[in-house]
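Visitor: Sharing a structure, written as C-alpha cells. Questions coming.
No value in this document is a laboratory result; all are computed from the given coordinates. Bear in mind the structure is a predicted one, so any value in this text is a computation, not a measurement. Here the Cβ positions follow ideal geometry from the backbone for every residue, glycine too, while neighbour counts run over all protein chains shown.
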Amino acid sequence: MSTQIRPGDTIDGFVIGDCLHKGGNGYVYRVRPPPERDAGYPLLMKVPGVGPGEPTLGVVSFEIEQTILPLLTGSHVPRVVAVGDDAMRPYLVMEEIAGEGLAAQVARAPLDAAELAQVGAALADALQSVHRQQVIHLDVKPENFIVRTGGEAVLLDFGFARHARYPDLLAEAKTFAAGSAAYVSPEQLQGHRGDPRSDIFALGAVLYELATGEPPFGEPATFAGMRDRLWRLPSPPRSLVPSLPPPLQEIILHCLETRADRRYSTAAHVAFDLRHPDQVQLTRRAEWTAGAGLGRQLRSWWRSRGVAVPVSAPPTVAGSAPVILVAVDTEHPDDERHPALRRATQALVAMNAEFRLMFVSAIEAAALGEGARLEDTASGKHLDHRNRLRMWVAPLELPASRTSLHVVESADPAETLLDLARVNHVDLIVIGAPGTSDRALAWWRSVASTVTANAPCSVHVVRTPERGESATPRPQIRANPPMGVA
Amino acid sequence: MHALLGDFVGYGADACAVVERVMRFAEEGAIVLKGNHDAAIDRRGGYFNEQAQAALEWARETLSDPQKRFLAGLPLFAKHAPSYFVHASAASPERWDYVDSPGTALRCAEASGEPYTFCGHVHDQTLYFETPTGRMSAFQPSPGTPIPVRGPRRWLAIVGSVGQPRDRNPAAAYTMFDDVRREITFHRVSYDYLAAADKIRRAGLPAALAYRVESGI
C-alpha cells in the first residue's frame, strides 16, 4: 500500500506539485523533473488510488495504462517520460497537454455546424491514430479528450484500453469493463472488448452531445438503464437542433448504429465524412426531425430481442477497410493510361468489402484574371474538370456512399496528393506511371515518383503494358517536361 | 537460469546428443524436469501413438545406462519462488494432464501455489492469466513482445516446444521470464530442422516424425 503523496515529496527525483485531479482512476499531480529527465515541456504524474476505500479496479486500470500508453506514439496521445513499475509505488509521468478539455466545448454546445465538423474530424483523427497502433480505447468521452490550440485532439486515460498484442486484463470482467454510462457501446455492455467500432459508437455519442448539448441516451445511473441502448433509437439530433445540417445528422446516427457492423468501419471514414459533408450519401435518417415513432422503436426492439447485439468480426487487420485515393489526370482525357487505371481501381474494389474511394484530379491553377469563356475562369475550369472526373468514374458503377470526387487546383500536384493522403488517412494511392513517351524524363522527377517516395501509405503505380512495336526503339530525350499528373 | 521442462526423447533421432546436453545443463544448475516421454523409457505403460512408440524404442536402444538412469531420476516439478515449473499440470504432475483450457489452467495455477507457473506438454505457446473475476483467460502471445506480468494475479505460461510446434512454423519455441522487470517474452528461433528430419529418416524412424519436424505440425 502506498503512503499518501504530498506536494513537496520527491519520487525518483520528480518533485511533486499541486494535485490537479483526484478521481476513480487515481491522482494526477504536476511534477518538476530532475534535470536529467527534463523533457522541455510541463509534466504530470499519475498514481493509482491504492488503499482502504479505493476500488481494486483502479489498480488494474492503472496497470493497463502503464502498459499501453508508453507503447503509443504520435501527437494524439501524451508523451510518456517515466514509468515507475515498483509494485509498492507505481506511477506514470507524462506530458501535460496544453489546450482545452473537450468537456468545456460540450458545455458550450450546441456547436455550430462548421465547428462541430472540424472538432469531430480532429477527434476521429485521434481515434484512428490509436486504432492503427492496435489499441482500442473503450472509454471515449469528452473528459478524455483535450483539443490543442492548433485544433489537434489528444486522447487521454487508457485505463480501460485494450492492446491486441497484450493480454486484456479486463477480459470477462463484464460489469466493470464497460466505459462511461453516457457513451458506452451496446456490445461493451455485453462484455465485448475487442471491436474498434465500440470507440466509433462512443465518438458518435460525443458528436451527438456536441451537436445538441445532450448525450443521446441521457446519463443512466443503473446498468439496466444503460442497456436501453441495446434497442432504443436516440432522438434525431435535428429534433433538438433543427438547424443541424442533414449530413452531420447522417454521420452521427451512422456512428450510433446499435450493431457494430452497421457503423462506420473505421474512424478514418468518420473523419473523411466530417471533412467532406457535401459528399456524404444521405439516407432517410438524415432528414428525421422527430423522435422515432412507436413503429420505428418497435421495429428496433423487435430486431434486438433475445441476444440484442450480434457481434460480427471486427475489421482487425489494418487496412481491411481502406481509404483509397485514385489520382486521375483530367487534363489529358485521351491518355492511354486511363483504362489501365480504371481496371486497377476495379480490381482493388473487388478485393475490399469496406472501401472508401477518393478520386482526385489535381489541375493547374487557373491564370489570374477572369477569361472570356466560362471554361477559362477559375470556377468554370473547376466545374469542367469535375464533370470530366464524374464521367471518368461513371463506368465503374460504384456506390455513391463509398466514393467522393475532388478537383484541386495546384501548382505542385505531387505535394497536393500527398497532403490529401495524409489528412484523409489514405491507405493506398493509385496513380499512373509516367507514360512511354515520358519514360526518358528522369523517373525521380515525375509526380508518381515523388508520391511513391514520400507517401504515408502504399502506392499502386499503374503502367500501361507496352505494345510490341514501341518496345524496342528507345524513346527520344525530350527537352520539355510533360504536363499533368504522370 | 535455465529450466528444461521435459520430453527430451521420443520425437527425434538425436536422443543421445540431447540427453548429453541436458545433463550438462543440469550440472550447471538448470532445472530439469521429467516429461511423459522420458518416463516411458523405463516403463512400458502409458499411451503413445505408433510414431512415438517407435521413437521411444529407438531411444531405449541407443541411450546409455547412465543416460537412462539420469532420465529416471528427474523430478516431476520444481518450485523456485516466485515460479513453479512442471511438465504437465501442477494439479497432478504424474497424471500428465494437459493444460489446454482456462479451466485446466486455473486448476494448475492454484495447485502450484506460486504466481508464475511454467508448463510444457502442450506444444503451442499460450499465456493464461487471472481476470478480476478470478477465472483464467487465454492469450495468444506474439513472439518477441515482452509482456508485463505484474499485479496480484496468477500467470501461467505454456512455453512452447522445440520440436513439433503445431502451428506450421518449424522454428523452435522457448520463453524468457525476467523476474526483476516482471516480463515474459515468448520466442521462436529457427534451427536446422531439415538436418533433424534427415536424421530421423536415416535412423529408419516413421517418416511422419520427420515430416512433422519439417512442417511444424
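Visitor: In terms of Cα to Cα distance under 12 Å, which aspartates and glutamates are near enough to A:K141, apart from those fewer than 8 places away along the same chain?
Guide: Qualifying aspartates and glutamates at Cα under 12 Å: A:D157, A:D199, A:E209.
Visitor: Follow-up question, since we're still on this one. For B:R95 and B:S190, what does the FRET efficiency come to when R0 = 45 Å and r is the distance between their Cβ atoms, rounded to the nearest 0.05?
Guide: Between B:R95 and B:S190 the formula returns 0.85.
Visitor: Then there is this: State to the nearest 20 debye the size of the charge dipole of the protein assembly as shown about its Cα centre, where the only charges are +1 on K and R beta carbons and -1 on D and E beta carbons. Numbers along the way, then the final one.
Guide: Numbers: 72 positive and 80 negative charges, 292 e Å.
For the protein assembly as shown, the charge dipole is close to 1400 debye.
Visitor: OK, next. 222 nm [θ] for chain B, helices only, -39500 (n - 2.57) per DSSP H run of 4+, per residue, to 500? If you can, show how the numbers build up before the last one.
Guide: On the way: 7 runs with 68 residues, N = 217.
Helix contribution divided over all residues of chain B: -9000 deg cm²/dmol.
Visitor: Would you mind pulling out the separation of the Cα centroids of the range A:65-92 and the range B:164-194, in Å?
Guide: What the calculation gives is 27 Å, centre to centre.
Visitor: Once amide H atoms are placed 1.01 Å from N in the peptide plane, what residues at a sequence separation of 5 or more from B:W96, or on another chain, have their amide H within under 5 Å of its amide H?
Guide: Amide H neighbours of B:W96, under 5 Å, 5+ apart: B:S89.
Visitor: Could you give the nm distance between label points at B:S142 and B:R60, where each point is 7 Å from its Cα heading toward the beta carbon?
Guide: 4.7 nm
Visitor: Sort B:23-31, A:95-103 for me by packing, meaning the mean count of neighbouring Cβ atoms within 10 Å per residue, highest on top.
Guide: Details: B:23-31: 13.0, A:95-103: 16.8.
Per-residue Cβ counts within 10 Å, averaged per peptide and sorted highest first, yield A:95-103, B:23-31.
Visitor: If you take each beta carbon of peptide B:129-137 and count the beta carbons of other chains within 10 angstrom, what is the mean? Present the calculation step by step, with values, prior to reporting the outcome.
Guide: Details: counts 4, 1, 9, 13, 7, 1, 3, 2, 7.
For this peptide, the per-residue mean of nearby foreign Cβ atoms is 5.
Visitor: What is the sum of charges around B:R166, taking Lys and Arg as +1, Asp and Glu as -1, for the other residues whose C-beta is under 10 Å from the C-beta of B:R166? Please list the in-between numbers first.
Guide: Numbers: positive: B:R168, B:R212; negative: B:D124, B:D167.
After counting each charged neighbour, the total is 0.
Visitor: Relative to the Cα centre, what is the charge dipole magnitude of chain B, using +1 at the beta carbon of each Lys and Arg, -1 at the beta carbon of each Asp and Glu, and rounding to the nearest 20 debye? Write out the running numbers ahead of the final one.
Guide: Details: 24 positive and 25 negative charges, 56 e Å.
Using only the charged Cβ atoms, the result is roughly 280 debye.
Visitor: Percent of Cα-Cα pairs more than 26 Å apart in the range A:99-292, please.
Guide: Values: 4607 of 18721 pairs.
Summing the P(r) of the range A:99-292 above 26 Å gives 25 percent of all pairs.
Visitor: Still on this structure: Ranked highest first by average number of other Cβ atoms within 10 Å, how do B:5-12, B:134-141, A:405-412 line up?
Guide: The most tightly packed comes first, giving B:5-12, B:134-141, A:405-412.
Visitor: Per residue of A:211-220, how many C-beta atoms from partner chains lie within 10 Å of its own C-beta, taken as a mean?
Guide: Details: counts 0, 0, 0, 0, 0, 0, 0, 0, 0, 0.
So the per-residue partner count for this stretch is 0.
Visitor: What is the ratio of the Cα radius of gyration of the protein assembly as shown to 2.2 N^0.38 Å, with N the residue count, to two decimals?
Guide: Values: Rg = 31.1 Å, N = 703, 2.2 N^0.38 = 26.6 Å.
Here the answer is 1.17, to two decimals.
Visitor: So, R0 is 45 Å and r is the distance between the beta-carbons of A:A103 and A:M391; what FRET efficiency does that work out to, to 0.05? Present the calculation step by step, with values, prior to reporting the outcome.
Guide: Values: r = 48 Å, r/R0 = 1.07.
The calculated FRET efficiency here is 0.40.
Visitor: Next up: In chain B, what % of DSSP beta bridges are antiparallel (nearest 5)?
Guide: 70 percent
Visitor: What's the local net charge at B:A197, with K and R +1, D and E -1, over the other residues with C-beta under 12 Å away?
Guide: Details: positive: B:K199, B:R201, B:R202, B:R212; negative: B:D14, B:D192, B:D198, B:E214.
It works out to a net charge of 0.
Visitor: Based on the mean of other Cβ atoms within 10 Å per residue, sort peptides A:181-191, B:102-112, A:36-46 so the most packed one is first.
Guide: A:181-191, B:102-112, A:36-46
Visitor: Sticking with this structure for a sec: Select from A:L102, A:G74, A:I136 the residue farthest towards the positive end of the dipole of the range A:40-149; place +1 on Cβ of Lys and Arg, -1 on Cβ of Asp and Glu, and compute about the Cα centre.
Guide: My answer, from the dipole projection, is A:G74.
Visitor: Let me ask something else about it. Could you give the spread of the C-alpha atoms of the range A:102-183 along their three principal axes, from largest to smallest, in whole angstroms?
Guide: Dimensions of the range A:102-183 along the principal axes of its Cα atoms: 41, 26, 17 Å.
Visitor: Over the whole of B:147-159, what's the average partner chain Cβ count within 10 Å per residue? Rounded to a whole number, please.
Guide: On the way: counts 4, 9, 1, 8, 7, 4, 3, 0, 1, 0, 0, 0, 0.
Mean shielding count: 3.
Visitor: Test of understanding: express the Cα radius of gyration of chain B as a ratio to 2.2 N^0.38 Å, with N the residue count.
Guide: Working: Rg = 17.0 Å, N = 217, 2.2 N^0.38 = 17.0 Å.
Ratio of Cα Rg to 2.2 N^0.38 Å: 1.00.
Visitor: What does the charge add up to near B:R21, with Lys and Arg as +1, Asp and Glu as -1, over the other residues with Cβ less than 13 Å from its Cβ? Don't skip to the answer; put the middle values down first.
Guide: Numbers: positive: B:R24; negative: B:D14, B:E20, B:E27, B:E28.
Every neighbour counted, the sum reads -3.
Visitor: Between B:A30 and B:R43, what length comes free when the chain is fully extended (0.36 nm per residue of separation minus the Cα-Cα distance, one decimal in nm)?
Guide: Working: separation 13, 0.36 × 13 = 4.68 nm, distance 2.53 nm.
Working it through step by step, the gained length comes to 2.2 nm.
Visitor: Below 8 Å between Cα atoms, with a sequence gap of 6+, how large is the relative contact order for chain B in percent? Provide the component values of the computation, followed by the final result.
Guide: Values: 446 pairs, mean separation 37.2, N = 217.
This gives 17 percent for chain B.
Visitor: When all C-alpha to C-alpha distances in the range B:56-97 are sorted into bins of 5 Å, what percent of pairs does each bin hold, rounded to whole numbers?
Guide: 6, 20, 18, 18, 18, 13, 6, 2
Visitor: Semi-axes, largest first, in whole Å: what does sqrt of 5 times each Cα gyration tensor eigenvalue give for the range A:10-95? Before the final figure, lay out the partial values.
Guide: On the way: eigenvalues 83, 48, 27 Å².
Listed largest to smallest, the semi-axes of the range A:10-95 are 20, 15, 12 Å.
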